[in-house]
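This report refers to the structure that appears directly beneath it.
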Amino acid sequence: TQKLDIDAVRQQFPILHQQVNGKPLVYFDNAATTQKPKEVIDALSQYYTGYNANIHRGIHTLAEKATSAFEATRSAFRTFLNAAGTEEIILTYGTTDGINLVAQTFGRSFIGKGDEILISTMEHHSNIVPWQMLCEVNGCVLKVIPVDESGELDMAAFENLLSDRTRLVSVVHASNALGTINPITEIIRKAHHVGAKVLVDGAQAASHLTIDVQALDVDFYVLSLHKMYGPTGVGVLYGKKDLLNSMPPYRGGGEMIKEVTFAKTTYNDLPYKFEAGTPNIADVVAARTAITFIESLGKDRIAAHELSLLQYATDALQGIDGLRVIGTAKNKVSVLSFVIKGVHHQDLAVILDQQGIAVRTGHHCTQPLMQRFDITGTTRASFAVYNTTAEIDRLREGVERAVKMLK
Ligand code: PMP
């Protein structure tokens with residue numbers, strides 16, 4: 001396959017062409033959120049200038065236009081994830097929202113006292129706290145798959161933790177803090193073997209890895225558009241149709257009902273049963289453009305570029321005195337987390353920012369994982385399709401300068 005023309009890609013991102021603190025911006029905080037191409041920004045403005053209307057109930061032309069644009073995004077996600085049907089695509093406000101939905105509906109109905117939920121040490125807080133909240137209400141038990149020194153799941157321990165009490169395994173596809181890609185095919189197969197369902201948190205994976213929910217046979221898959229070149233406030237919960245049908249609704253309100261009387265209310269069909277209230281229409285509409293953006297470049301070509309950046313950056317930083325990479329798994333997405341002996345990550349980030357370089361520091365919403373490595377946080381550089389090796393050279397120079405100043 002032909003390589004991407006990164007200069008042309010960069011031209012599509014207006015925000016990248018600016019000075020920050022007198023230096024050209026280097027944006028390496030993509031695991032927090034990616035930047036948006038012009039076509040996504042334009043789609044938002046076209047919606048509000050051309051056909052803003054509430055969806056699904058209107059007879060008038062604008063309402064029909066808005067509805068069909070909204071539903072076109074749902075179809076695009078069906079294709080993106082290779083789901084069997086659009087009724088399996090629930091539009092949410094993001095990964096956090098999707099996980100809470102599953103915890104409060106599937107969890108409350110099918111996970112009882114003494115039942116077990118398996119998560120892992122490398123989960124984002126959004127894949128920890130909703131289960132703890134459920135356990136407080138239901139008396140179910142949270143068990144944790146350990147992570148080894150390289151940042152990989154301990155799969156032998158995982159198998160030992162599985163039992164006939166396991167109702168759900170909820171794990172991250174790719175870690176936002178370490179970059180580790182987890183063997184989810186194997187996890188899903190083994191969990192199904194004991195009759196447990198599986199939720200995969202795809203927030204960090206979705207812009208990098210190909211996802212085929214039918215081939216994976218996954219029960220739930222969640223993601224956030226803002227980490228995939230799309231707008232904030234939009235996410236997808238994929239769920240198997242039978243499972244979604246068996247679950248009670250989440251939020252009550254308009255749109256999720258068939259008929260309301262004070263005696264009894266009946267609920268709408270999938271996917272609307274889980275989409276109460278007016279959704280984030282403009283951002284959902286614009287999200288389709290983000291999918292088109294990714295597909296027009298090709299996920300394999302995006303991944304190849306990002307992995308070459310990860311390799312280049314890992315090599316470039318390796319020589320810095322006292323630097324240790326946290327997360328050295330064999331299979332990684334383009335996330336590089338590191339600590340430097342004698343340098344606090346917060347101080348490092350301030351000095352990098354003075355040079356126009358945006359990185360993330362701290363616990364990355366994975367405090368238990370930081371505790372596992374006995375650190376309070378890392379400095380994290382995460383790469384997207386528009387990043388370049390020249391920018392990584394600037395990062396290396398910036399880190400070297402900071403180390404000289406701080407040590
Ligand atoms: N899980 C992972 C792996 C993430 O990276 C993130 C976002 N950084 C989340 C969950 C939460 O996603 P959101 O804040 O978009 O709901």
Q.
Every residue in the range 63-99 that is among the β-branched types (Val, Ile, Thr) and out of contact with any helix residue (DSSP H, G or I) (no Cβ under 7 Å at 6 or more places or on another chain), please.
A. 67, 79
Q: Quick one: residue 161 ticks every box in (1) surrounded by 20 or more Cβ atoms within 10 Å (Cβ to Cβ); (2) closer than 18 Å to residue 115 by Cβ; (3) aliphatic (A, V, I, L, M) except a single one, so which number is it?
A: (1)
Q. Can you tell me which residue in the range 164-201 is most open to solvent (accessible area, probe 1.4 Å), limited to those that are assigned to a helix (DSSP H, G or I) and touching a helix residue (DSSP H, G or I) at 6+ places or on another chain (Cβ under 8 Å)?
A. 185
Q: Spot the failing condition for residue 302; the list is (1) over 30 Å from residue 74 (Cβ atoms); (2) touching a residue at least 24 places away in the same chain (Cβ under 8 Å), and only one is missed.
A: (1)
Q | strands (runs of 3 or more DSSP E) fully within the range 85-150 counting 1 or more residues that are surrounded by 15 or more Cβ atoms within 10 Å (Cβ to Cβ) and of a type in the set (Asp, Glu) | A | 116-120
Q. Taking the condition touching a residue at least 24 places away in the same chain (Cβ under 8 Å), in contact with a strand residue (DSSP E or B) (Cβ under 7 Å, 6 or more places away or on another chain) and over 24 Å from residue 281 (Cβ atoms), does residue 32 pass?
A. yes
Q) Given (1) open to solvent by 20 Å² or more (accessible area, probe 1.4 Å); (2) in contact with a strand residue (DSSP E or B) (Cβ under 7 Å, 6 or more places away or on another chain), where does residue 292 come up short, assuming only one miss? A) (2)
Q: Would you check if residue 304 is open to solvent by less than 70 Å² (accessible area, probe 1.4 Å) and either assigned to a helix (DSSP H, G or I) or under 19 Å from residue 3 (Cα atoms) (or both)?
A: yes
Q) How many residues does the range 372-394 contain that are open to solvent by 50 Å² or more (accessible area, probe 1.4 Å), more than 16 Å from residue 344 (Cα to Cα) and either among the charged types (D, E, K, R) or within 23 Å of the chain's Cα centre (by Cα) (or both)? A) 2
Q. In the range 89-126, how many residues are in contact with a Phe, Trp or Tyr (Cβ under 7 Å, 6 or more places away or on another chain) and either away from the ligand (no atom under 13 Å from the Cβ) or of a type in the set (Val, Ile, Thr) (or both)?
A. 8
Q | Boolean, residue 77 is closer than 18 Å to residue 295 by Cβ, of a type in the set (Phe, Trp, Tyr) and within 16 Å of the ligand (Cβ to nearest atom) | A | yes
Q) Restricting the search to the range 64-84, which residues are among the hydrophobic types (A, V, I, L, M, F, W, C) and assigned to a helix (DSSP H, G or I)? A) 66, 69, 70, 72, 76, 77, 80, 81
Q. Residue check: is residue 53 under 17 Å from residue 238 (Cβ atoms), in a loop (DSSP other than H, G, I, E, B) and of a type outside the set (Asp, Glu)?
A. no
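The values are calculated or read from the model by the stated rules, or taken from the named source; none is laboratory data. Everything numeric here is computed off the predicted structure, so don't read it as measured data. A quick note on method: Cβ atoms are made from the backbone with ideal geometry, for glycine too, and the neighbour counts reach across all protein chains shown. What goes into the accessible areas is simple: the full protein's heavy atoms, side chains included, and nothing from ligands, DNA or RNA. Shrake-Rupley method; radii C 1.70, N 1.55, O 1.52, S 1.80 Å.
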